[in-house]
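Chemist: Would you mind keeping the following structure in view while I ask a few things?
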Amino acid sequence: MTGKKRSIGIISTVLIFFVLFLIDRWGVLGIQLDVEGIQALIEGAGVWSIIIFIVICMFRQVFLMPSPVVFISGGLIFGTLAGSLYTILGHMVNIALAYYIGRRFEHSIERFISAKYIEKLRRAKEKGSFAQIFAMRTTPGFPVDPISFGAGFVGMDFHQYFWASFLGSVPKIVLYAYLGQRLDDLFTLETMIALVFLLTLALMPYVLKNRKEAV
């Protein structure tokens, strides 16, 4: 085992034990982990609130939480700026762990990822990972987890995957966090603009695809 793989194994083990500690200490699995459930947990955690939120972001699949729920919760609880920052930190660790799980346990992971996503990622690897992953991460309608686990499964270059995911995820996370902060006042001009941006991001790949086909 190389030093790099050994370090990843140690870090992953420490993180897992930390999550188990939080589950035991705060009863995380016993609450309803939707937006309101996360808010109730975090607001009752005191000085641990930021750490617990980041850990929830890191391991949200354990709690069967869709990524938009986490993104919106960050803005609702901490505001747009701080919520975006904490969410990005947890999210990037999450997608890095998912990549290595997909790489390490490829035979098990293959059964849980749709063949169409595997094919898309293989084509992305052939065409150049960075631009393809960036487009997938930017699009709100594209599922997060199949990309994360699948990128490791197909052996995509980690550095291209990671930085394309970072740059592609940030705008989406900030927009969701802003919507979370304005959750009690959605029908304003600013909120409508944010929703239009999200809709534009969601539709952009389909528009570009149709333009290419028309040429």
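Chemist: From the list Ala124, Ala164, pick out the single residue that is farther than 30 Å from Glu43 by Cα, in a helix (DSSP H, G or I) and touching a Ser or Thr at 6+ places or on another chain (Cβ under 8 Å). It would help to see each step written out before you state the result.
Modeler: Numbers: Ala124 fails: touching a Ser or Thr at 6+ places or on another chain (Cβ under 8 Å).
So the residue among Ala124, Ala164 that is farther than 30 Å from Glu43 by Cα, in a helix (DSSP H, G or I) and touching a Ser or Thr at 6+ places or on another chain (Cβ under 8 Å) is Ala164.
Chemist: Out of the residues in the range 117-152 that are of a type in the set (D, E, K, R) and more than 24 Å from Val69 (Cβ to Cβ), state the one that is modelled with the lowest pLDDT. Working first, answer last.
Modeler: Step one: list which residues in the range 117-152 are of a type in the set (D, E, K, R), which gives 119-120, 122-123, 125-127, 137, 145.
Filter once more, keeping what is more than 24 Å from Val69 (Cβ to Cβ): 119-120, 122-123, 125-127.
Details: Glu119: 88, Lys120: 86, Arg122: 89, Arg123: 87, Lys125: 86, Glu126: 83, Lys127: 79.
So the residue we want is Lys127.
Chemist: Quick one: count up the residues across the range 138-152 that are crowded, with 24+ Cβ neighbours inside 10 Å and of a type in the set (Phe, Trp, Tyr).
Modeler: Within the range 138-152, residues that are crowded, with 24+ Cβ neighbours inside 10 Å and of a type in the set (Phe, Trp, Tyr) number 1.
Chemist: Among the residues of the range 118-137, how many are buried (at least 20 other Cβ atoms within 10 Å of the Cβ) and over 15 Å from the mean Cα position of the chain (by Cα)?
Modeler: Residues that pass the stated criteria total 4.
Chemist: Could you check how many residues of the range 153-167 are buried (at least 21 other Cβ atoms within 10 Å of the Cβ) and either small (Gly, Ala, Ser) or at pLDDT below 90 (or both)? Let's see the steps before the verdict.
Modeler: Residues of the range 153-167 buried (at least 21 other Cβ atoms within 10 Å of the Cβ): 153-154, 156, 161, 164-165.
Those left that are additionally either small (Gly, Ala, Ser) or at pLDDT below 90 (or both): 164-165.
Adding up the residues that qualify gives 2.
Chemist: Output the number of residues of the range 31-58 satisfying the condition of being assigned to a loop (DSSP other than H, G, I, E, B) and modelled with pLDDT of 75 or more.
Modeler: Quick first cut of the range 31-58, residues assigned to a loop (DSSP other than H, G, I, E, B) only: 31-34, 44-45.
From the residues that got through so far, the ones that are modelled with pLDDT of 75 or more too are none.
Count: 0.
Chemist: Residues that are farther than 17 Å from Arg103 by Cα and charged (D, E, K, R): does the range 163-179 have at least one?
Modeler: yes
Chemist: Taking the range 84-115, which residues are surrounded by 18 or more Cβ atoms within 10 Å (Cβ to Cβ) and not in a helix (DSSP H, G or I)?
Modeler: Within the range 84-115, Ile113 is the sole residue that qualifies.
The values are calculated or read from the model by the stated rules, or taken from the named source; none is laboratory data. Quick caveat, the model's predicted, so the values are computed rather than measured. All Cβ positions, glycine included, derive from the backbone under ideal geometry; neighbour counts span all protein chains shown.
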